[in-house]
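Beneath this line is the structure, given in structure tokens, with notes to follow.
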Amino acid sequence: MEQKSTIDAAIEAIDADKANAAFSFNITAMKKVFHKIYYHYQTRHGSIVKIERRFKLHNNSTVQTFYFKTTQLIYATELITSYYGDRNKPDSMVWGGNYYFIKNKLVDFLTLGHGKSETDEWNPQQEVLANCKAARNDIARHKKK
């Protein structure tokens, strides 16, 4: 798929661009329990080109990354590590997803591991766009402070 290779090239260019300005902050959020969300994002000419957010909730550690071209989401990744067992013998399971977007439409995705992608109710486009919107909103609120 030619579209995917174009998106892959854009991602590589964003990651390689040393001229991107980088910012980091964290917020306290509440989703039935208080937890911290850590943000690291990059801008180019004032526009966000990449957002990474990390958080731990219950037994899960989540890393989400969003890439943008001219303010449009073009690619996202998500990695969820679920921890089980006690402190002396930790065990974990990893689930991950890679998502390609064109004009806010999911055009291709790949998931690995056992997790939410195995349920009929899961809507990857809707979920990734909602997570991306939440991240952008958190950044906008942080900038206003």
Which residue is nearest to residue 99 (Cα to Cα), if the candidates are limited to segment 8-25 and must be part of a helix (DSSP H, G or I) and in contact with a Lys or Arg (Cβ under 8 Å, 6 or more places away or on another chain)?
10
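Tell me, yes or no, whether segment 75-92 has at least one residue that is closer than 23 Å to residue 143 by Cα and either modelled with pLDDT under 95 or part of a strand (DSSP E or B) (or both).
In the first step, residues of segment 75-92 are kept if they are closer than 23 Å to residue 143 by Cα; the result is 76.
Within this subset, residues satisfying the condition of being either modelled with pLDDT under 95 or part of a strand (DSSP E or B) (or both) are 76.
Taking every residue of segment 75-92 in turn, at least one turns out to be closer than 23 Å to residue 143 by Cα and either modelled with pLDDT under 95 or part of a strand (DSSP E or B) (or both).
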Residues being over 18 Å from residue 70 (Cβ atoms), out of contact with any Gly (no Cβ under 8 Å at 6 or more places or on another chain) and in a strand (DSSP E or B): count how many of those fall in segment 107-124.
1
Between a first residue in segment 14-31 that is in contact (Cβ under 8 Å) with a residue 24 or more places away in the chain and over 17 Å from residue 49 (Cα atoms) and a second residue that is of a type in the set (Ser, Thr, Tyr) and surrounded by 11 or more Cβ atoms within 10 Å (Cβ to Cβ), which pairs have beta carbons less than 8 Å apart while being 6 or more apart in sequence or on different chains?
27/39
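Identify the residue in segment 22-47 that is among the aliphatic types (A, V, I, L, M), modelled with pLDDT under 95 and out of contact with any Phe, Trp or Tyr (no Cβ under 7 Å at 6 or more places or on another chain) and, among all such residues, is farthest from residue 70 (Cα to Cα). Walk me through it before giving the result.
First, pick out the residues of segment 22-47 that are among the aliphatic types (A, V, I, L, M): 22, 27, 29-30, 33, 37.
Restricting the remaining residues to those that are modelled with pLDDT under 95 gives 27, 29-30, 33, 37.
Then drop every residue that is not out of contact with any Phe, Trp or Tyr (no Cβ under 7 Å at 6 or more places or on another chain), which leaves 27, 29-30, 33.
On the way: 27: 26, 29: 29, 30: 31, 33: 35 Å.
Only one residue tops the list, namely 33.
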Which condition number in (1) closer than 20 Å to residue 102 by Cα; (2) in a strand (DSSP E or B); (3) of a type outside the set (Asp, Glu); (4) modelled with pLDDT under 95 is the one that residue 5 fails?
(2)
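The values are calculated or read from the model by the stated rules, or taken from the named source; none is laboratory data. Everything quoted here is computed from the prediction, not taken from an experiment. Here the Cβ is made from the backbone with ideal geometry for all residues, glycine too, and neighbour counts use every protein chain on show.
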